[in-house]
Amino acid sequence: MTRTRTSQHSRRSLRAISFGTLAAVVLTSAVSVGVAATSAQAAGSTLQAAAAESGRYFGTAIAANKLSDSQYTTIANREFNMVTAENEMKLDATEPNQNQFNFTNGDRIVSWARSNGKQVRGHTLAWHSQQPGWMQNMSGTALRNAMLNHVTQVATHYRGQIHSWDVVNEAFADGSSGARRDSNLQRTGNDWIEAAFRAARAADPNAKLCYNDYNTDNWSHAKTQAVYNMVRDFKSRGVPIDCVGFQAHFNSGNPVPSNYHTTLGNFAALGVDVQITELDIAGSGTSQAEQYRGIMQACLAVARCTGVSVWGVRDSDSWRAGDTPLLFDGNGNKKLAYNYTLDALNAGGNGGNPGAGDCTVTVTRAEEWNDRFNVTFAVSGTSSWRVSIGLQGGQSLQNSWNAAISGTSGTLTATPNGNGNSFGITLYKNGSTGLPSATCSTT
């Protein structure tokens, strides 16, 4: 990344709040909203092929000045099918002078991606950081109008070429306040985020529109809750938001939280896609590899987690190169983290459960009330099965039918009771609306 972006993210890592222990996160994989989990999948030999088995993408950030590096482009072309411009579509790059737009490097990346059969994530239309000097010196109505013009012009230029836009980036403050970040954009009025999304929709009706942020990984944290409440409000009022991006920058003080899958599932339950947008994990060896595997399993556990992007190709390309946070080392060799990531993607919905055989379980949300909701499960592939059900947050079992259920909270176990291969449960929400995870194994 550029020097400006590096310093921005470096400060972020140093002040990151610890999300728990650094122990590896190994999450039970599953699927939700009517998507089946199965172990009978053909193994993909690359990240993009393995992710595609479950209908997901696997992407990376690309820098225009590295497109002449043959090792870099060979790895990127082989492994990834989604591309994010690292800096070339940000505000200072695309509008260095007011109303004078420069798309040269952004267009280079889009051209390379499309000529190699890849899709593009746009990053980013509105952000408090990496603003050009002329924008930094503006305020009030003038700034609001300039921001909306920027969103409109850039999104219009790339209309029809972008899979998802990070419309607004990093608008919430760190810490325990749950407040918006105090920025020049925020001071134009609390509705500035909504205004940016509406402008983006008008400019490119077919692109998915995302809110993107960091340190929103732990479900119990105030920043996560604040973003969740904004998205819920937007959905309730028809503000055009289609997805939420989780940057997922992790280190020893900020490891992958054990409730990461809960976070993804709860956001998805609002009716938006979730995307892991800038993944990198400081470290090496098994600890790093296990955390990468946990991230993959968390995404696979949520049907609306549509893809994962790492923030760079090789460790040497990373904005935090000294942390060796990526899947390829500086010489372009696959790391242990690569192998764990590929294996997790190939394991698909069952997360590599060695007893899974050809057992498949489909999980579907059914009737819902203020305090509880129904979930149905359909098992195929065997009549001798055991389904492990991972409840989200504080959810607890109220009722069940057509199966024998053990447990009332945390992890439930379902086995046949002679009523066939379809069964259901009623769950008290207790503050969590996320769909439970489920894994099927033969007995």
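The values are calculated or read from the model by the stated rules, or taken from the named source; none is laboratory data. Not measured: the values here are computed from a predicted model. Note that each Cβ is placed from the backbone with ideal geometry, even for glycine, and that neighbours are counted across all protein chains shown. Calculation scope for accessible area: heavy atoms of the full protein, side chains included, ligands and nucleic acids excluded. Shrake-Rupley method; radii C 1.70, N 1.55, O 1.52, S 1.80 Å.
Looking at (1) at pLDDT 95 or above; (2) under 14 Å from the mean Cα position of the chain (by Cα), which is the one condition that is false for ALA298?
(1)
With respect to the numbered conditions (1) in a helix (DSSP H, G or I); (2) within 22 Å of ARG304 (Cα to Cα), which one is the sole condition not fulfilled by ALA196?
It is condition (2) that ALA196 fails.
Report yes if GLY122 is open to solvent by less than 50 Å² (accessible area, probe 1.4 Å) and under 27 Å from the mean Cα position of the chain (by Cα), otherwise no.
Values: open to solvent by less than 50 Å² (accessible area, probe 1.4 Å): yes; under 27 Å from the mean Cα position of the chain (by Cα): yes.
When the stated conditions are applied, GLY122 passes them.
Looking at ALA378 and the list (1) modelled with pLDDT of 85 or more; (2) surrounded by fewer than 16 Cβ atoms within 10 Å (Cβ to Cβ); (3) among the small types (Gly, Ala, Ser), which single condition is not satisfied?
The single condition ALA378 does not satisfy is (2).
Does SER129 fit the bill of being within 30 Å of LEU345 (Cβ to Cβ) and either in contact (Cβ under 8 Å) with a residue 60 or more places away in the chain or open to solvent by 50 Å² or more (accessible area, probe 1.4 Å) (or both)?
Values: within 30 Å of LEU345 (Cβ to Cβ): no; either in contact (Cβ under 8 Å) with a residue 60 or more places away in the chain or open to solvent by 50 Å² or more (accessible area, probe 1.4 Å) (or both): yes.
Considered against the rule, which asks whether it is within 30 Å of LEU345 (Cβ to Cβ) and either in contact (Cβ under 8 Å) with a residue 60 or more places away in the chain or open to solvent by 50 Å² or more (accessible area, probe 1.4 Å) (or both), SER129 comes out as no.
Kindly list the number of the only condition in (1) within 12 Å of the chain's Cα centre (by Cα); (2) over 16 Å from GLN48 (Cα atoms) that fails for VAL310.
Just one mismatch for VAL310, condition (2).
Taking the stated definitions as given, is TYR228 within 30 Å of GLN161 (Cα to Cα) and either free of Cβ contacts under 8 Å to residues at least 40 places away in the same chain or open to solvent by 10 Å² or more (accessible area, probe 1.4 Å) (or both)? Before the answer, list the steps.
Numbers: within 30 Å of GLN161 (Cα to Cα): yes; either free of Cβ contacts under 8 Å to residues at least 40 places away in the same chain or open to solvent by 10 Å² or more (accessible area, probe 1.4 Å) (or both): yes.
Answer is yes for this residue.
From the list ASN215, ASN266, exactly one residue is out of contact with any strand residue (DSSP E or B) (no Cβ under 6 Å at 6 or more places or on another chain) and open to solvent by 10 Å² or more (accessible area, probe 1.4 Å). Which is it?
On the way: ASN266 fails: open to solvent by 10 Å² or more (accessible area, probe 1.4 Å).
Exactly one residue qualifies, and that residue is ASN215.
If I filter the range 305-339 down to residues being in a loop (DSSP other than H, G, I, E, B) and more than 21 Å from GLN275 (Cβ to Cβ), which single residue comes out as most open to solvent (accessible area, probe 1.4 Å)?
Within the range 305-339, the subset in a loop (DSSP other than H, G, I, E, B) is 311-313, 318-320, 324-327, 329-333, 335.
Still in the running and more than 21 Å from GLN275 (Cβ to Cβ): 324, 329-333, 335.
Values: THR324: 54, ASP329: 44, GLY330: 38, ASN331: 111, GLY332: 17, ASN333: 79, LYS335: 32 Å².
For the range 305-339, the residue satisfying everything is ASN331.
Can SER29 be described as in contact with a strand residue (DSSP E or B) (Cβ under 8 Å, 6 or more places away or on another chain), modelled with pLDDT under 95, assigned to a loop (DSSP other than H, G, I, E, B) and surrounded by fewer than 23 Cβ atoms within 10 Å (Cβ to Cβ)? Steps first, answer last, please.
Values: in contact with a strand residue (DSSP E or B) (Cβ under 8 Å, 6 or more places away or on another chain): yes; modelled with pLDDT under 95: yes; assigned to a loop (DSSP other than H, G, I, E, B): yes; surrounded by fewer than 23 Cβ atoms within 10 Å (Cβ to Cβ): no.
Criteria not met by SER29.
Output yes when any residue across the range 273-286 is buried (at least 21 other Cβ atoms within 10 Å of the Cβ) and over 30 Å from ASP69 (Cβ atoms), and no when none is.
yes
Residue-by-condition table, conditions (1) at pLDDT below 95; (2) within 26 Å of PRO132 (Cβ to Cβ):
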site: ARG180; (1), (2): no, yes
site: THR188; (1), (2): no, yes
site: TRP192; (1), (2): no, yes
site: GLN225; (1), (2): no, no
site: MET230; (1), (2): no, no
site: PHE234; (1), (2): no, no
site: PRO240; (1), (2): no, no
site: PHE246; (1), (2): no, no
site: ASN254; (1), (2): yes, no
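Let me confirm something: among GLY410, GLY418, GLY393, GLY434, which residue is within 28 Å of the chain's Cα centre (by Cα) and surrounded by fewer than 14 Cβ atoms within 10 Å (Cβ to Cβ)? Explain how you work it out, then say what you get.
Working: GLY418 fails: within 28 Å of the chain's Cα centre (by Cα); GLY393 fails: surrounded by fewer than 14 Cβ atoms within 10 Å (Cβ to Cβ); GLY434 fails: surrounded by fewer than 14 Cβ atoms within 10 Å (Cβ to Cβ).
Step by step, each of GLY410, GLY418, GLY393, GLY434 is checked, and only GLY410 is within 28 Å of the chain's Cα centre (by Cα) and surrounded by fewer than 14 Cβ atoms within 10 Å (Cβ to Cβ).
Give the residues of the range 182-210 that are closer than 20 Å to ARG159 by Cβ and open to solvent by less than 10 Å² (accessible area, probe 1.4 Å), sorted by residue number. Write out each step before concluding.
First pass over the range 182-210, keeping only residues closer than 20 Å to ARG159 by Cβ: 195-210.
Selection gives ALA196, PHE197, ALA200, ALA203, ASP204, ALA207, LEU209, CYS210.
With the checklist (1) touching a strand residue (DSSP E or B) at 6+ places or on another chain (Cβ under 7 Å); (2) closer than 30 Å to GLY394 by Cβ in hand, flag the one item ALA298 doesn't pass.
(1)
Counting only residues that are within 21 Å of ASN212 (Cβ to Cβ), touching an Asp or Glu at 6+ places or on another chain (Cβ under 9 Å), part of a helix (DSSP H, G or I) and not hydroxyl-bearing (Ser, Thr, Tyr), how many does the range 66-109 have?
Residues in the range 66-109 being within 21 Å of ASN212 (Cβ to Cβ), touching an Asp or Glu at 6+ places or on another chain (Cβ under 9 Å), part of a helix (DSSP H, G or I) and not hydroxyl-bearing (Ser, Thr, Tyr): 3 in total.
Somewhere in the range 136-144, is a residue modelled with pLDDT of 95 or more, among the hydrophobic types (A, V, I, L, M, F, W, C) and not in a helix (DSSP H, G or I)?
Within the range 136-144 (the criterion being modelled with pLDDT of 95 or more, among the hydrophobic types (A, V, I, L, M, F, W, C) and not in a helix (DSSP H, G or I)), the answer is yes, since at least one residue qualifies.
Across the range 56-73, what is the total count of residues that are open to solvent by 10 Å² or more (accessible area, probe 1.4 Å) and without any contact (Cβ under 8 Å) to a residue 60 or more places away in the chain?
Residues flagged as open to solvent by 10 Å² or more (accessible area, probe 1.4 Å) and without any contact (Cβ under 8 Å) to a residue 60 or more places away in the chain within the range 56-73 amount to 6.
Of all residues being touching a Phe, Trp or Tyr at 6+ places or on another chain (Cβ under 7 Å) and without any contact (Cβ under 8 Å) to a residue 60 or more places away in the chain in the range 205-219, which is nearest to LYS235 (Cα to Cα)? Just the residue, please.
LEU209
With respect to VAL302, is the statement that it is open to solvent by less than 30 Å² (accessible area, probe 1.4 Å), in contact with a Leu (Cβ under 9 Å, 6 or more places away or on another chain), part of a loop (DSSP other than H, G, I, E, B) and not acidic (Asp, Glu) true?
On the way: open to solvent by less than 30 Å² (accessible area, probe 1.4 Å): yes; in contact with a Leu (Cβ under 9 Å, 6 or more places away or on another chain): yes; part of a loop (DSSP other than H, G, I, E, B): yes; not acidic (Asp, Glu): yes.
Considered against the rule, which asks whether it is open to solvent by less than 30 Å² (accessible area, probe 1.4 Å), in contact with a Leu (Cβ under 9 Å, 6 or more places away or on another chain), part of a loop (DSSP other than H, G, I, E, B) and not acidic (Asp, Glu), VAL302 comes out as yes.
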